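The structure under discussion appears below in the form of structure tokens.
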Amino acid sequence: MSDPVSALNNAHYGAGIAEVSELGAVGMITLRGDINTRGVQKGAVDVAGVKMPAPLHCVTDGSAGIAWMSPDELLIMCNYADVAKKLETLRGKTAKVHALAVNVSDARAVFELRGPHAREVLAKVAPVDLARDQFKSGMFRRTRIAQVPAAFWMPEEDVIRMVCFRSVAQYVFDVLSVASQPGSEVGYI
């Protein structure tokens, strides 16, 4: 088996008001089905090793996590090397319910914005209210980053993680880097 290659090979921009990093290969499984059923929830929780998130939330612990994508979709995150085994386990645990589990790891790119201005950088390019009293750690949003679909969450204060399609990874990295340029503070958030 060859070594995984991420979309941008761990690209990093650190000269601005926030650090922008592509996080490399991250394991991701899309689970579709009635996420309110015990079988789907138990399968997701058992495989991910974290609690089930509330709607519009994401629960993470290190590289493990579950994000609520929609009323019928979860995104399970794990180490890239563990995806095949976790996918097999998940399919076994959901075999008696109507569900679909698919490895989407190689179709996605994962970024991180880090620093006290991370919210401000993202607010420039995403139509989401990122004020501290409106968007808190653990919340999850699917939206657009400039012109492309993306999703993001805050695993902790001043750290924002986001997922986009691999095909637009360079565009997202460039947009975030430009929005992070030194002296580009808006002073709103």
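Derivation of every value follows stated rules applied to the coordinates shown; laboratory data play no part. Remember, it's a predicted structure, so these values are computed and weren't measured experimentally. So basically every Cβ, Gly included, is an ideal-geometry build from the backbone, and we count neighbours across all protein chains shown.
Things worth noting here:
- Taking a straight line from the alpha carbon of K93, these lysines sit under 30 Å away, with near neighbours fewer than eight places off in the same chain left out: K42, K51, K85.
- The Cβ shell under 13 Å around N10 holds other residues with a net charge of -4, Lys and Arg each +1, Asp and Glu each -1.
- Packing order of peptides 114-124, 78-88, highest average first: 114-124, 78-88 (average count of other Cβ atoms within 10 Å over each peptide's residues).
- Mean ellipticity per residue at 222 nm, deg cm²/dmol - from DSSP H runs of n ≥ 4 across the chain, formula -39500 (n - 2.57): -6500 deg cm²/dmol
- Neighbourhood net charge (13 Å Cβ-Cβ; Lys/Arg +1, Asp/Glu -1) for H57: +4
- Spin-label pair V178/D3, simplified geometry with 7 Å Cα→Cβ offset, distance in nm: 3.2
- Around the Cα centre of the range 27-106, unit charges on the Cβ atoms of Lys, Arg, Asp and Glu (plus for the first two, minus for the last two) sum to a dipole of about 280 debye.
- Extension gain for the segment S167 to A84, taken as residue separation times 0.36 nm less the Cα-Cα distance, is 27.6 nm to one decimal.
- Selection from A67, Y13, H98 lying farthest towards where the dipole of the chain points positive, charges on Cβ: H98
- Angle in degrees between helix 83-93 and the longest Cα principal axis of the chain, rounded to the nearest 10: 40
- Acute angle (nearest 10 degrees) that the helix 169-179 long axis makes with the longest principal axis of the chain, alpha-carbon atoms: 40
- Rounded to the nearest 10 degrees, the angle from helix 38-48 to the longest Cα principal axis of the chain is 60 degrees.
- Each Lys and Arg adds +1 at its Cβ and each Asp and Glu adds -1 at its Cβ; summed about the Cα centre, the chain shows a dipole of about 680 debye.
- Taking the convex hull of Cα positions in the range 113-189, its mean projected area over all directions (nm²): 4.6
- Rounded Å value of the spacing that divides the Cα centres of the range 49-71 and the range 163-184: 24
- Relative protection proxy for 90-97, 131-138, 46-53, from highest mean packing down: 46-53, 90-97, 131-138 (other beta-carbon atoms within 10 angstrom).
- Percent of alpha-carbon pairs separated by more than 17 Å within the range 27-106: 33
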